[in-house]
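In what follows, a single structure is set out as structure tokens and then discussed.
The values are calculated or read from the model by the stated rules, or taken from the named source; none is laboratory data. Fair warning: this is a prediction, and the values are worked out from it, not measured in the lab. Cβ coordinates were reconstructed from backbone atoms using ideal geometry, including for glycine residues, and neighbour counts include every protein chain displayed.
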Amino acid sequence: MFGLWVIVVAHMVALMGYLLMPDDTPNADDRSAHIKKQAPGFKVLLLKTVKQREVQDVNILEYIFMGQESRYIIEPISSYTIEGYSIRYKIFGREKESFSQPLVSTVKKLYYGASNKLKPDSATGYNFNIRGNQVRYLDLNEELKEISYQDLIKEFEANNLEWRRYWLGTSIDGRDLLSMLLFGTKISLSIGFISVIISLIVGVTLGAIAGFFGGWVDNLVQWLMTVVWSIPSIMLVIAISLALQSKGVWVAFVAVGLTMWVEAARVVRGQIMGIKEKLFVEAAKALGIGNLRIIFRHIIPNLVGPIIVIATANFATAILVEAGLSFLGLGVQPPMPSWGKMVFDGYNSNWEADGGYLVFLPSFCICLLVFAFNLFGNGLRDAYDPQSAGKW
């Protein structure tokens, strides 16, 4: 039951997606290199400069599965002062230097390019000018707008400053580690699910054909199973990835799935070799029902229990293999977060500045989810085992 609850929670996290992530940008990629490798609980003031282009709003379904692009570029700062119509600030970790930028272009999206609607101040170079207490500017649609100094300050303090806490710290490239771990749950479960589907389709089909027909067909399938079984799975996945001449999440789906079908094929083959001698199979043959229909309509439904147990075990294996692939750089590619890639990044950080959490946290997530699937698989095996059920 513990394994089941962990799996249910993991699936809820994966399905809810960006609704749970503190960083809801695509791939949880709202980063700043100035706050890389910060310890859990780190809190910093962010200066948020509006992007000088339109950012498309997404609907709720797109938001849940794809995220929403941020309208701002973040910069961690240690202090700031407003000097007239400019903001002067010091970047976090670089307090000896001072930077300045116009307040208007920090808050408003401005039109870029030549325009005869407004003569910009020579001092700014942007499409706005300052007259007393008023700021006149051209928006992205080249429409003339006006705002007072007081309203500009209020809008800046309301929208362009944010105290942000990173509950599990930041990664080596300054991203929110908690959001990356939550996103990694989706990646691991997705690869596990697709890989198990592929392995079951291939394994059940080949095992069923070999067990039912026997003879040279059985010998051929057994030879193929022996060859695949003799090659370490991670090496076979690497070979498939290289053969496809591509890297990424879809290659990982196919590669992992094509390496886990052997166990399903062996179990299905053995089960069918016993079931095909049953009276209901002989009756189906006497009625003239085709062999393939007998296999997939009458025999396979009797193997649902063993197949579910195999699928659960393969799910845990797929998560481990995907983590290994990402660790080697052959799985999920940046900026998409993956637990295996996070372990690799933490390992490469050489444990500097108390950075052990960069390795521990994704490793713990991998171990917990694999442990949960193994526990759940053991429970299913006992549930479908008549002898084990009789003992209770």
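For segment 154-161, state whether one or more residues are under 38 Å from the mean Cα position of the chain (by Cα), of a type in the set (A, V, I, L, M, F, W, C), surrounded by 13 or more Cβ atoms within 10 Å (Cβ to Cβ) and under 20 Å from VAL55 (Cα atoms). For segment 154-161, residues under 38 Å from the mean Cα position of the chain (by Cα), of a type in the set (A, V, I, L, M, F, W, C), surrounded by 13 or more Cβ atoms within 10 Å (Cβ to Cβ) and under 20 Å from VAL55 (Cα atoms): present.
Within segment 29-56, track down each residue that is of a type in the set (A, V, I, L, M) and assigned to a strand (DSSP E or B).
Looking only at segment 29-56, we keep the residues that are of a type in the set (A, V, I, L, M), and these are 33, 35, 39, 44-47, 50, 55.
The answer is VAL44, LEU45, LEU46, LEU47, VAL50.
So that you can scan it fast, the table gives a plain yes or no per residue for (1) under 30 Å from PHE42 (Cβ atoms); (2) free of Cβ contacts under 8 Å to residues at least 60 places away in the same chain; (3) in the same structural domain as VAL55 (by TED's automatic domain parsing); (4) part of a helix (DSSP H, G or I):
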site: SER100; (1), (2), (3), (4): yes, yes, yes, no
site: THR106; (1), (2), (3), (4): yes, yes, yes, yes
site: LYS117; (1), (2), (3), (4): no, yes, yes, no
site: ILE130; (1), (2), (3), (4): no, yes, yes, no
site: GLU142; (1), (2), (3), (4): no, yes, yes, no
site: ILE153; (1), (2), (3), (4): yes, no, yes, yes
site: GLU162; (1), (2), (3), (4): yes, no, yes, no
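Condition check for PRO76 on (1) more than 23 Å from PHE128 (Cβ to Cβ); (2) out of contact with any His (no Cβ under 9 Å at 6 or more places or on another chain); (3) surrounded by 15 or more Cβ atoms within 10 Å (Cβ to Cβ): one failure, at (2).
For the structure I just gave you, tell me whether ALA28 is more than 30 Å from LYS90 (Cα to Cα), within 18 Å of the chain's Cα centre (by Cα), buried (at least 18 other Cβ atoms within 10 Å of the Cβ) and not assigned by TED's automatic domain parsing to the domain that holds TYR72. Before the answer, list the steps.
Working: more than 30 Å from LYS90 (Cα to Cα): no; within 18 Å of the chain's Cα centre (by Cα): yes; buried (at least 18 other Cβ atoms within 10 Å of the Cβ): yes; not assigned by TED's automatic domain parsing to the domain that holds TYR72: yes.
Criteria not met by ALA28.
Considering only residues in segment 303-324 that are more than 18 Å from the chain's Cα centre (by Cα) and among the hydrophobic types (A, V, I, L, M, F, W, C), the one that is surrounded by the most Cβ atoms within 10 Å (Cβ to Cβ) turns out to be ILE310.
For VAL262, indicate whether it is in the same structural domain as PHE183 (by TED's automatic domain parsing), of a type in the set (A, V, I, L, M), under 26 Å from PHE371 (Cβ atoms) and in contact (Cβ under 8 Å) with a residue 12 or more places away in the chain.
Numbers: in the same structural domain as PHE183 (by TED's automatic domain parsing): yes; of a type in the set (A, V, I, L, M): yes; under 26 Å from PHE371 (Cβ atoms): yes; in contact (Cβ under 8 Å) with a residue 12 or more places away in the chain: yes.
Spelling it out, VAL262 is indeed in the same structural domain as PHE183 (by TED's automatic domain parsing), of a type in the set (A, V, I, L, M), under 26 Å from PHE371 (Cβ atoms) and in contact (Cβ under 8 Å) with a residue 12 or more places away in the chain.
Mind listing whichever residues of segment 39-62 are surrounded by 13 or more Cβ atoms within 10 Å (Cβ to Cβ) and out of contact with any strand residue (DSSP E or B) (no Cβ under 8 Å at 6 or more places or on another chain)? Once the filter is applied, which keeps residues that are surrounded by 13 or more Cβ atoms within 10 Å (Cβ to Cβ) and out of contact with any strand residue (DSSP E or B) (no Cβ under 8 Å at 6 or more places or on another chain), segment 39-62 yields ALA39, GLN52, VAL55, VAL58, GLU62.
A Cβ distance below 8 Å, combined with a sequence gap of six or more or placement on separate chains, defines the contacts here; from segment 224-246, residues that are at negative phi and at pLDDT 80 or above reach residues that are part of a loop (DSSP other than H, G, I, E, B) and β-branched (Val, Ile, Thr) in the pairs VAL228/THR259.
Given the residues VAL217, VAL202, which is the only one that is in contact (Cβ under 8 Å) with a residue 12 or more places away in the chain, of a type in the set (Val, Ile, Thr) and in a helix (DSSP H, G or I)?
Values: VAL217 fails: in contact (Cβ under 8 Å) with a residue 12 or more places away in the chain.
Residue meeting the stated conditions: VAL202.
Considering the conditions (1) surrounded by fewer than 17 Cβ atoms within 10 Å (Cβ to Cβ); (2) of a type outside the set (Val, Ile, Thr); (3) within 21 Å of ARG71 (Cα to Cα); (4) in contact with a Leu (Cβ under 9 Å, 6 or more places away or on another chain), ASP176 is excluded by exactly one of them, (1).
For segment 14-24, the candidate set comprises residues that are at pLDDT 90 or above and surrounded by 18 or more Cβ atoms within 10 Å (Cβ to Cβ); within that set, the residue that is nearest to ALA383 (Cα to Cα) is ALA14.
Taking the criterion of being assigned to a loop (DSSP other than H, G, I, E, B), under 38 Å from the mean Cα position of the chain (by Cα) and of a type outside the set (Gly, Ala, Ser), the residues of segment 81-95 that qualify are PHE92, ARG94, GLU95.
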